[in-house]
Amino acid sequence: MSDIKAVLFDMDGVLFDSMPNHAYSWSHAMTQFGLAMTTEEAYMNEGRTGGGTIDILAQRFWHRNATEEEKQHIYAAKTELFNRLPEAEPMPGALEALQAVKDHGWKIVLVTGSGQVTLLERLSKHYPGFFSQELMVTSFDVKHGKPHPEPYLMGLEKAGVRAEEALVVENAPLGVESAHRAGIFTLAANTGPLPDKVLSDAGADLVFRGMREVGAYLRALP
Ligand code: CA
C-alpha cells in the first residue's frame, strides 16, 4: 500500500457526527406520511438518495413508487425536522485522520451524498485548509447515488488517481459498497449502531471502532 496518493472521505458519520440527526428526522418524517421507518432502517439506507429511500418505503407500504410531489413533501418535512436539531459536532478523531493524510502528502477528496449548499463553509470552519471545491463530489455531481460506484469513481477522476492509489473512509454499508465496487481499498469507521458485520459484508477491507482508530491506522502507514 506504499503507492497511495489520495484518501477519499465520506462526510456524514465520518467527518461530522450528524447521523443521529439524519436518522431521527428521516424516521419521523417518513412515519408522518404513513411510511413507518425505524432509525435503524435509516442507518441501513444512509448514503442513498432521498428519493431512493422514499421509494423503498413506498413500495413496502403503498406497493408503488412515490410521485415526485410526494417525494418533495416528504423530503421537505425531513429537512425541516433536521434543521430544527442542533448542528452536528465534528466527529472525534476526524481532524487527526485528515492531518495524518496531509502529513503523508496525499490528496484529500470529499465524496458525499449530501447536497447542502453550506457544505464548503462548514468544512472550512471545522477543518480549515483540508478541502477544496475541485476535490469534492456532492449529490449535484452524480447521476447515481451510493451504493452505485459512480460517486467514488468520480472522486478518483477528480483526484487524477487510480483505484489502487486510493483509500476510502466510510461509515455506512451502502457507502462501503459504493467504494468497494469502485475497486478502492475501504476503511470502515463504525460510528453508528449497526454491527461491524454489516460493514464487512458490504465489502469493507478493514473495520475500525471509530475515527480515532482510523486516524491511528492512517498515521502508521508508510
Ligand atoms: Ca456516511
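Does the stretch 193-210 hold any residues that are open to solvent by 40 Å² or more (accessible area, probe 1.4 Å) and either within 22 Å of A6 (Cβ to Cβ) or under 13 Å from the mean Cα position of the chain (by Cα) (or both), and which are they? Result: D205, L206, V207. Does E213 satisfy the condition of being away from the ligand (no atom under 16 Å from the Cβ), closer than 14 Å to V14 by Cα, crowded, with 17+ Cβ neighbours inside 10 Å and not hydrophobic (A, V, I, L, M, F, W, C)? It is true that E213 is away from the ligand (no atom under 16 Å from the Cβ), closer than 14 Å to V14 by Cα, crowded, with 17+ Cβ neighbours inside 10 Å and not hydrophobic (A, V, I, L, M, F, W, C).
Within the stretch 174-187, restricting attention to residues that are more than 10 Å from the ligand (Cβ to nearest atom) and open to solvent by less than 40 Å² (accessible area, probe 1.4 Å), the residue that is nearest to E213 (Cα to Cα) is L187.
Being open to solvent by less than 60 Å² (accessible area, probe 1.4 Å) and not aliphatic (A, V, I, L, M) is the requirement here; does H126 meet it? It is true that H126 is open to solvent by less than 60 Å² (accessible area, probe 1.4 Å) and not aliphatic (A, V, I, L, M). Just one of the listed residues (T67, T31, T39) is of a type in the set (S, T, N, Q), under 30 Å from L98 (Cα atoms) and outside the structural domain of E177 (by TED's automatic domain parsing), and it is T39. Quick one: is F9 of a type in the set (F, W, Y), in contact with a His (Cβ under 9 Å, 6 or more places away or on another chain) and within 16 Å of the ligand (Cβ to nearest atom)? Considered against the rule, which asks whether it is of a type in the set (F, W, Y), in contact with a His (Cβ under 9 Å, 6 or more places away or on another chain) and within 16 Å of the ligand (Cβ to nearest atom), F9 comes out as no. Give the residue, chosen from E80, E41, E89, that is within 16 Å of the ligand (Cβ to nearest atom) and exposed (fewer than 13 other Cβ atoms within 10 Å of the Cβ). None of the others qualify; the one that does is E89. Within the stretch 59-73, can one find any residue that is open to solvent by less than 30 Å² (accessible area, probe 1.4 Å) and part of a loop (DSSP other than H, G, I, E, B)? Yes, the stretch 59-73 contains a residue that is open to solvent by less than 30 Å² (accessible area, probe 1.4 Å) and part of a loop (DSSP other than H, G, I, E, B). Among the helices (runs of 4 or more DSSP H) confined to the stretch 80-190, the ones with at least 1 residues that are in contact with a Ser or Thr (Cβ under 9 Å, 6 or more places away or on another chain) and not assigned by TED's automatic domain parsing to the domain that holds H28 are located at 119-126, 150-159, 173-181. Within the stretch 141-162, identify whether any single residue is at pLDDT below 95, open to solvent by less than 30 Å² (accessible area, probe 1.4 Å), over 20 Å from H180 (Cβ atoms) and within 16 Å of the chain's Cα centre (by Cα), and answer yes or no. Scanning the stretch 141-162 turns up no residue that is at pLDDT below 95, open to solvent by less than 30 Å² (accessible area, probe 1.4 Å), over 20 Å from H180 (Cβ atoms) and within 16 Å of the chain's Cα centre (by Cα).
The values are calculated or read from the model by the stated rules, or taken from the named source; none is laboratory data. Keep in mind that this is a model prediction, so the values were computed, not measured. Because the Cβ atoms are built from the backbone with ideal geometry, glycine has one as well, and the counts that use them run over all protein chains shown. Ligands, DNA and RNA are stripped out before the accessible areas are found, and what is left, the full protein with its side chains, is counted by its heavy atoms. Shrake-Rupley method; radii C 1.70, N 1.55, O 1.52, S 1.80 Å.
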